[in-house]
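**Student:** Let me give you the structure first, and then I'll get to my questions.
The values are calculated or read from the model by the stated rules, or taken from the named source; none is laboratory data. What you are looking at is a predicted structure, and each value in this text was computed from that prediction instead of being measured. All Cβ positions, glycine included, derive from the backbone under ideal geometry; neighbour counts span all protein chains shown.
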Amino acid sequence: MTSIGGAEMVDWKLAVATATRLVRPGPEVGRDEARAVVAELRRHAKTSEEHVRSFTRMTPPGAEGVGAAADDTPVLVVDRPGWIRANVAGFRAVLGPLLEKMQERRGAVPGGAVLGAVGGKVTGVELGMLLSFLASRVLGQYETFAPATRELPGSASGGGRLLLVAPNIVHVERELEVAPHDFRLWVCLHEETHRTQFAAVPWLRDHIEGEIQTFLGETEIDPATLLERLREAAQSFAGGRPEAGADGEEGRGGRSIVDLVQTPAQREILGRLTAVMSLLEGHADYVMDGVGPQVVPTVAEIREKFQQRRASGAGRLDVALRKLLGLDAKLRQYRDGERFVRAVVEEVGMDGFNRVWTSPNTLPTKAEIAKPADWVARVHRRTDS
């Protein structure tokens, strides 16, 4: 990334340092127990690979049948600081082009370099604060954008890595009072589905990255306006304006950070991104529940308790932050996407559903997520004629 006057738009190192300093400590776990948890999560990730591929009938190119080796996408069991570092690396890669453009614009402003040095640190602190909040809540993630390094290995084909956040998994299983071994396998089934999606559909990563870059490319606001809108979002949160309801639906007032920077063109792109993310999350939930009864004895109890936890925040602060960050929309993605997948599989079977992975043109639209029959009519009528 280019630099004006030695300062970047975002002080990434400060973001990592801030998030690591502010993140809540994980649950108390002895050294031997911690090692056992890490080893078990790795075993479950490997076991989940076979279960997911068998259930979804999705295999990476070149793999020969169920049980064959998947691609070389690594599984990393990390702590909260490890998750923070991985996501900062991902943000830095994705936001690079936008920040370069904004930095060039700032450089043309008198005193821009000095303001940039201050603004980069402020933004780094703000990003760190947001990541510190998220780092204690994410159970797992398929991280696809950060470049591979020794500390953060990725697949040789340019793909990402699967992150399993051990302290968060332990925290939630204790909070829900569920069987630890069953819960860890259940989580791995969901996250392994994401790894399978990207491994078996080679064009998916580039498609999503292209949509994100197009979205960011439509951003034409200057840095001062962006900061002003971010400040508006923060004030909305601090002022206690109406937030998301208990069911995850939007309240009357308040907008997420994403809402504050949208142009009409961005809304169209965001609609497509919302549809594909709903598909990916809903598919993972559907697979998790489909495989669960055969391999997770207490899956019904886990699912019920986890759904209750998902729907309700941990108090007013949690709910307000979920709204500010747009996380309430993510909850709807799980629900709506799972309904879409279930309806399509019931109508045309798993092989019929898997036509969704043929190309970007066969991905569901946002409207089709809500009306699965429309996707079936469009895709199957065209391909079967």
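**Student:** If the requirement is being touching an Asp or Glu at 6+ places or on another chain (Cβ under 9 Å), closer than 24 Å to Ala36 by Cβ and either modelled with pLDDT under 80 or assigned to a helix (DSSP H, G or I) (or both), which of these qualifies: Ala86, Ala70? Let's see the steps before the verdict.
**Tutor:** Numbers: Ala70 fails: closer than 24 Å to Ala36 by Cβ.
Being touching an Asp or Glu at 6+ places or on another chain (Cβ under 9 Å), closer than 24 Å to Ala36 by Cβ and either modelled with pLDDT under 80 or assigned to a helix (DSSP H, G or I) (or both) holds for just one of Ala86, Ala70, which is Ala86.
**Student:** Okay, moving on. Hey, can you tell me all the residues within the stretch 145-188 that are out of contact with any Asp or Glu (no Cβ under 8 Å at 6 or more places or on another chain), more than 19 Å from Pro297 (Cα to Cα) and β-branched (Val, Ile, Thr)?
**Tutor:** Thr149
**Student:** Which ones in the stretch 125-149 are charged (D, E, K, R) and assigned to a helix (DSSP H, G or I)?
**Tutor:** Correct list: Glu126 only.
**Student:** Looking only at the stretch 354-372, which residues are touching a residue at least 40 places away in the same chain (Cβ under 8 Å) and either of a type in the set (A, V, I, L, M) or under 18 Å from Ala199 (Cβ atoms) (or both)?
**Tutor:** Asn354, Val356, Trp357, Ser359, Pro360, Leu363, Ile369
**Student:** May I pose another question? Looking only at the stretch 171-193, how many residues end up being within 11 Å of Leu41 (Cβ to Cβ), surrounded by fewer than 18 Cβ atoms within 10 Å (Cβ to Cβ) and charged (D, E, K, R)?
**Tutor:** Residues in the stretch 171-193 being within 11 Å of Leu41 (Cβ to Cβ), surrounded by fewer than 18 Cβ atoms within 10 Å (Cβ to Cβ) and charged (D, E, K, R): 0 in total.
**Student:** Still on this model: Among the residues that make up the stretch 135-157, is at least one of them acidic (Asp, Glu) and at pLDDT below 85?
**Tutor:** No: zero hits.
**Student:** Under 7 Å by Cβ, and 6 or more places apart or on different chains, what pairs join a residue from the stretch 118-139 that is more than 20 Å from Arg309 (Cβ to Cβ) with one that is among the aromatic types (Phe, Trp, Tyr) and surrounded by fewer than 22 Cβ atoms within 10 Å (Cβ to Cβ)?
**Tutor:** Taking only residues 6 or more apart or on different chains, the pairs are Gly124/Trp12.
Listed here are the residues, each with its yes/no results for (1) more than 19 Å from Ile169 (Cβ to Cβ); (2) modelled with pLDDT of 85 or more.
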| site | (1), (2) |
| --- | --- |
| Asp285 | no, yes |
| Gly292 | no, yes |
| Val295 | no, yes |
| Glu301 | no, yes |
| Lys305 | no, yes |
| Gln308 | no, no |
| Ala314 | no, no |
| Leu321 | yes, no |
| Leu325 | yes, no |
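**Student:** Okay, next question. Hey, can you tell me all the residues within the stretch 344-354 that are buried (at least 17 other Cβ atoms within 10 Å of the Cβ) and closer than 15 Å to Asp289 by Cα?
**Tutor:** Answer for the stretch 344-354, where residues must be buried (at least 17 other Cβ atoms within 10 Å of the Cβ) and closer than 15 Å to Asp289 by Cα: just Val345.
**Student:** Which one is surrounded by the fewest Cβ atoms within 10 Å (Cβ to Cβ) among residues in the stretch 244-280 that are of a type outside the set (A, V, I, L, M) and modelled with pLDDT of 90 or more?
**Tutor:** The extreme case among them is Arg272.
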